[in-house]
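Only one structure is covered here, and it is reproduced in the block below.
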Amino acid sequence: MAEVPGNEAQDSAESSEAHIAVHWREEEYYDPPPEFTAQANANDPAIRDRFTEDKFPECFTEYADLLAWDERWHTTLDTSNAPFWKWFVGGKLNASYNCVDRHLAERADRPAMIWVPEPEDADHVTITYRELHRQVNEFAALLRDFCGVEAGDRVTLHMPMVPELPVAMLACARLGAIHSQVFGGFSGAACGHRIADSGSKILITMDGYYRSGAMQDHKVKADEAVEAARKEGAEVEKVLVFRRSPGQYQSGTPMVEGRDVFVDEVLPSYSGQTVDPVSMPAEAPLFLMYTSGTTGRPKGCQHSTGGYLAYVTGTSKYYQDIHPDDMYWCMADIGWITGHSYIVYGPLSLGTTSVIYEGTPNYPDAGRPWRIAEKLKVNIFHTSPTAIRMLRKVGPDEPAKYDFQFKHMTTVGEPIEPEVWRWYYQSIGKRKAVIVDTWWQTETGGFLGSTLPGLDKMKPGSCGPAALGIYAEILDENGEPVPAGSGRAGNIIIRNPWPGVFQTIWGTPERFVQTYYAKYNKDPDSKDWRDWPYFAGDGALQAPDGYFRILGRVDDVINVAGHRLGTKELESSALTVVEVAEAAAVPVIDDIRGRVVEMYVSLKPGYSPSTEIENKVKEAIETDIGKIARPKNIWIVPDMPKTRSGKIMRRVIAATSNFADVGDITTLANPEVVDGIRHQVQAAKHARGEVPRELTETELAEIKSFGAE
Ligand code: WTA
């Protein structure tokens, strides 16, 4: 269901949108610091003229020209199989060559990556471009000759934040193999589904890694993953296990004979070997990145080699303002799209230094990020609202204690509250750094909405205008434009294709068309890109100045600390607990993590509520998805509020969990249960001290229309 906040019923849609209009206060602008603008890659307003709609799609050759091509393309955009766009057709290139080899002539001895281990007494590790080249080649040789990996094969990675992860990604890319990195925090089972879905025969993992001061046993997840994949009929042939400290195995699980191999034992056989980068067609897939959506299981977003690399390189240059001599630190995890695009591919393609930090930002205390920034002289910093909220809460005075100065900072992944933005600007940026609030998605490869940092004024809470060459608009449910300045929310869409957009959902092209293009397409046979607006699945408003304010997902996705969790995934996992008859997941507003999940369950006849069942549900979710998905509370209720057609009305329980008005319940088949649930949940929350602050209009609109029926 694609619904904008407040759209669940005509009358409440009007009231919530009107509400926003009445109370909407425009934030004040902040100017980019002149010192920043003076050195910015994009500091001439004429850049916008190069990306106007009449120049589309050729405008994007400017991004593709930042790359080294083995063969130049003959067709910039091929729309003949709309909406399966093909960019730079006829062109050939290799992503690993672009991120590694081509920098050797000029900066072989410059650091490509600096890895900061979590234990603070351990030194950071510098990997120059020359060293990166050696490691990527040797590992590519191992993949090719020891594992038989060829172009087009899928290889699943389940790696923590260590330099071996980008090395493995780039080694796959060197061979033309498609990597699929699963976020290290995801469970073994979650990894196993992705192995099976992608048809990977090789799993690359690590024995353990540090998180919040403790060594995590990670290899154990590989065994679970192989088992989960096997249940789906997929056989993993080899598990390559990196050891965080070579020679020293830090996992309790045994190595499986014939299947599991320590990389540090095999790699010496490939010492000094080089592998020619395989020249790949621009439209060959580079990687898969799984993400959650409305229905069913996570979908493998397939990204291309030429279009993707061109787009992340161009946006890294103009929006991240990366110069080769910068010290760039993005604190995201490489297991998410942000890390792929803006830790690995974009920065390395531009030949800069990318800092990779293993652990949690507040370990051992909230001064850690600032000590890293001071020591390494980081000048570009990239993080999420959740991290900013957390650092603000636990260490508001820490940034001032350290001698660092960023020129540029990014916020990404969730809407940022204006007061949190201002703290970022004043305390972390020390009023001298420019901020970009970049709105985009796993599917989009790179930024869709952001200010151009050297040129545009910043406005807290708004991402800014659409990015260069992106023509965004807000449409209502009927496809009518919602004008800028109307104060009304709607669905944000992108009218045109762009090089970074994903190519398809791995294995399910019909779902790709259905989810992202069917909503506003009027002619399924059209070959004209103008007939295929990209449906982003986010609610948004556009101010009179053209700036977009992103409100959040309009589908059944809960954004927890910047991580997309599908309610269906959470619910199916809860339903694996034998006692559970029904389950419904809802978002609860949280001052640090943005949203957290609460799960309502009803039990099968013959069972009574117990903390044991609550824990079983929490554990089931942790096992199937991972710790990040663990619900804050499980509410075992006698009955769920349901419509007459039997659908659980999630907006009613979402309102209950957030102490909001439950709204119109006349369409419920069992309105009498609502009061009982409210009493049960809210009394327990009072007892636990979990009463939320007063919600903003946009938060209320989201909650009151959640999973709208
Ligand atoms: C949300 C992360 C507000 C949005 C790059 C989107 C944002 C989803 C912003 C994608 C932002 C991302 N302001 N909301 N700057 N950036 N989002 O796929 O709801 O993990 O649809 O990609 O995060 O999350 P994903």
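Charges on Cβ only, +1 for Lys and Arg, -1 for Asp and Glu, centred on the Cα centroid of the range 447-527; of 483, 449, 524, which one is farthest towards the dipole's positive end?
The residue sitting most towards the positive pole is 449.
Using a 1.4 Å probe, what is the accessible area per residue for the chain, in Å²? Display every interim value, and only then the final one.
Values: 25360 Å² over 709 residues.
Heavy-atom accessible area per residue stands at 36 Å².
Among the lysines, select those whose C-alpha is under 21 Å from the C-alpha of residue 647, and discard any that sit fewer than 8 residues away in the same chain.
568, 604, 704
Order 618-624, 316-322 from most to least packed using the mean count of other Cβ atoms within 10 Å.
Ranked from most to least packed, the peptides come out as 316-322, 618-624.
Counting Lys and Arg as +1 and Asp and Glu as -1, each charge on the Cβ, what is the dipole of the chain about the Cα centre in debye, to the nearest 20?
Around 660 debye, computed over the chain.
Highest first, please rank the peptides 58-70, 147-159, 522-534 by the mean number of other Cβ atoms sitting within 10 Å of their residues. Each step should come with its number before you reach the end.
Values: 58-70: 18.1, 147-159: 21.1, 522-534: 15.2.
Listed from highest to lowest mean packing, they are 147-159, 58-70, 522-534.
Once you have the Cα-Cα distance between residue 526 and residue 248, take 0.36 nm times their residue separation minus that, and quote the gain in nm to one decimal.
In short, 94.2 nm is gained.
When the chain is fully extended, how far beyond the present Cα-Cα distance does residue 371 get from residue 683, taking 0.36 nm per residue of separation?
Net length gain for the segment: 108.0 nm.
Okay, which of the range 444-458 sit inside 19 Å, backbone N to the point 7 Å along the Cα-Cβ direction of residue 37?
450-458
Mind ranking 246-256, 229-239 by how tightly packed they are, going by the mean number of other C-beta atoms within 10 angstrom, highest first?
The peptides rank, most packed first, as 229-239, 246-256.
Need one number: nm distance between label points at residue 61 and residue 581, each 7 Å from Cα along Cα→Cβ, rounded to one decimal.
That separation, rounded to one decimal, is 6.6 nm.
If you take every DSSP beta bridge whose two residues both sit in the chain, what share of them, in percent to the nearest 5, is antiparallel?
The antiparallel fraction comes to roughly 60 percent.
Please give me the summed charge of the neighbours of residue 527: other residues whose Cβ is under 14 Å from its Cβ, Lys and Arg +1, Asp and Glu -1.
Neighbourhood net charge equals -2.
Taking a spot 7 Å from the Cα of residue 130 along the direction of its beta carbon, which residues of the range 90-113 have an amide N less than 19 Å from it?
Residues 99-113 fall inside that zone.
Do the alpha carbons of any pairs in 55/377; 92/459; 231/616 sit beyond 32 Å of each other, and which pairs?
The answer is 55/377; 92/459.
Along Cα→Cβ, 7 Å out, is where each label goes; now give me the distance between the ones at residue 611 and residue 109 in nm to one decimal.
6.2 nm
Of 505, 126, 191, whose Cα points farthest to the positive end of the dipole of the chain (charges on the beta-carbon: +1 Lys, Arg; -1 Asp, Glu; origin at the Cα centre)?
Of 505, 126, 191, it is 126.
Under the definition of Cα pairs under 8 Å and six or more residues apart, what whole-number percent is the relative contact order of the chain?
Worked out over the chain, it gives 15 percent.
Using a 1.4 Å probe on the protein chains only, how many percent of the accessible area of the chain belongs to carbon and sulfur?
Whole-percent figure for carbon plus sulfur exposure: 49.
Starting from 0.36 nm per residue, how many nanometres of slack lie between residue 230 and residue 264 once their C-alpha separation is accounted for?
That pair, residue 230 and residue 264, stretches by 9.6 nm at full extension.
Can you list the aspartates and glutamates whose alpha carbon is less than 20 Å from that of residue 393, not counting same-chain residues fewer than 8 positions off?
In chain and number order, the partners are 365, 414, 417, 419, 590, 591, 690, 694.
Give me the distance in nm between label points sitting 7 Å out from Cα along the Cα-to-Cβ direction at residue 71 and residue 572, one decimal.
According to this spin-label approximation, the distance is 4.1 nm.
With charges set only on the Cβ (+1 for Lys and Arg, -1 for Asp and Glu), what does the dipole of the range 245-308 come to about its Cα centre, in debye to the nearest 20?
Dipole of the range 245-308, to the nearest 20 debye: 380 debye.
With an 8 Å Cα cut-off and a minimum separation of 6 or more residues, compute the relative contact order for the range 314-424 in percent.
Computed value for the range 314-424: 27 percent relative contact order.
Local charge sum around residue 349 (other residues, Cβ-Cβ under 15 Å, Lys/Arg +1, Asp/Glu -1)?
That works out to -1.
Given an 8 Å cut-off on Cα distances and at least 6 residues of separation, report the relative contact order of the range 411-485 as a percent.
25 percent
Given the rule -39500 (n - 2.57) for each run of at least 4 DSSP H residues, summed and divided by the residues of the chain, what is its mean residue ellipticity at 222 nm, to the nearest 500 deg cm²/dmol?
-8000 deg cm²/dmol
Report the FRET efficiency, 1/(1 + (r/R0)^6), for residue 693 and residue 29, where r is their Cβ-Cβ distance and R0 is 30 Å, rounded to 0.05.
With a Förster radius of 30 Å, E is 0.65.
The values are calculated or read from the model by the stated rules, or taken from the named source; none is laboratory data. Not measured: the values here are computed from a predicted model. Reconstructed Cβ throughout: ideal geometry from the backbone, glycine too, with neighbour counts over all protein chains shown. For accessibility, only protein heavy atoms count, side chains too; no ligands or nucleic acids. Shrake-Rupley method; radii C 1.70, N 1.55, O 1.52, S 1.80 Å.
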